[in-house]
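The values are calculated or read from the model by the stated rules, or taken from the named source; none is laboratory data. Bear in mind the structure is a predicted one, so any value in this text is a computation, not a measurement. Don't worry about glycine lacking a Cβ; one is built from the backbone with ideal geometry, like all the others, and counts go over all protein chains shown. When the accessible area is computed, the model is the full protein with side chains, heavy atoms only, and any ligands, DNA or RNA have been set aside. Shrake-Rupley method; radii C 1.70, N 1.55, O 1.52, S 1.80 Å.
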Amino acid sequence: MTQMPMMTKSSATPYKNAVLDDLELQAALQNINPEFGNFVTRVAGEAWGLPLIDQKTKALIVIAVDVVNQNLLGPGTPFAAHVDMAMKQGVTKAEIEELLLFLCVYAGFNKVAGSFGALERILAPQ
């Protein structure tokens with residue numbers, strides 16, 4: 001299975017829809033499998049298009065889901081793509097770190113410890 005690339009660029013203007021407007025993300029999903037990429041783009045794009053929760057908050061939510069599920073690093077895991085997605089929506093590293101600290105209480109200290117390590121690997125200069 002192809003690993004999602006570790007993309008950590010930040011865009012100047014957040015996307016209106018973090019899935020449908022991010023062609024780099026769509027290409028990465030296509031590289032995993034074309035049918036999977038099309039499916040995820042359609043379904044996740046629709047979910048990201050729901051109007052009541054802003055894109056930045058949704059991006060933090062998907063990071064929290066990754067932490068709870070321990071989808072951090074390795075083939076096929078979305079954590080790096082979700083960190084990239086969040087940063088494109090204006091989330092800072094400090095905000096992700098605060099989210100991880102908050103999650104210690106609800107997801108568990110051990111899960112968060114590994115998440116901090118994964119975040120550092122993802123954001124390390126390449």
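Collect the residues in region 67-90 that are without any contact (Cβ under 8 Å) to a residue 24 or more places away in the chain and part of a helix (DSSP H, G or I), keeping them in residue-number order.
Asn69, His82 - these are the residues of region 67-90 that are without any contact (Cβ under 8 Å) to a residue 24 or more places away in the chain and part of a helix (DSSP H, G or I).
Would you confirm, using the coordinates I've provided, whether Gly108 is open to solvent by 20 Å² or more (accessible area, probe 1.4 Å) and at pLDDT 95 or above?
No.
Pairs only if they're at least six apart or on different chains, beta carbon under 8 angstrom, first in region 23-41 and over 17 Å from Phe79 (Cα atoms), second of a type in the set (A, V, I, L, M) and assigned to a helix (DSSP H, G or I); list them, first residue then second.
Partner pairs satisfying both residue conditions: Phe36/Leu29.
Taking the conditions exactly as written (of a type in the set (D, E, K, R) and at pLDDT below 95), does Asp54 satisfy them or not?
No.
Restricted to region 73-89, and to residues that are modelled with pLDDT under 95 and among the small types (Gly, Ala, Ser), which residue is farthest from the chain's Cα centre (by Cα)?
Gly74
So Ala12 passes all but one of these: (1) open to solvent by 40 Å² or more (accessible area, probe 1.4 Å); (2) at pLDDT below 95; (3) within 14 Å of the chain's Cα centre (by Cα). Which condition number does it fail?
Among (1) open to solvent by 40 Å² or more (accessible area, probe 1.4 Å); (2) at pLDDT below 95; (3) within 14 Å of the chain's Cα centre (by Cα), Ala12 violates only (3).
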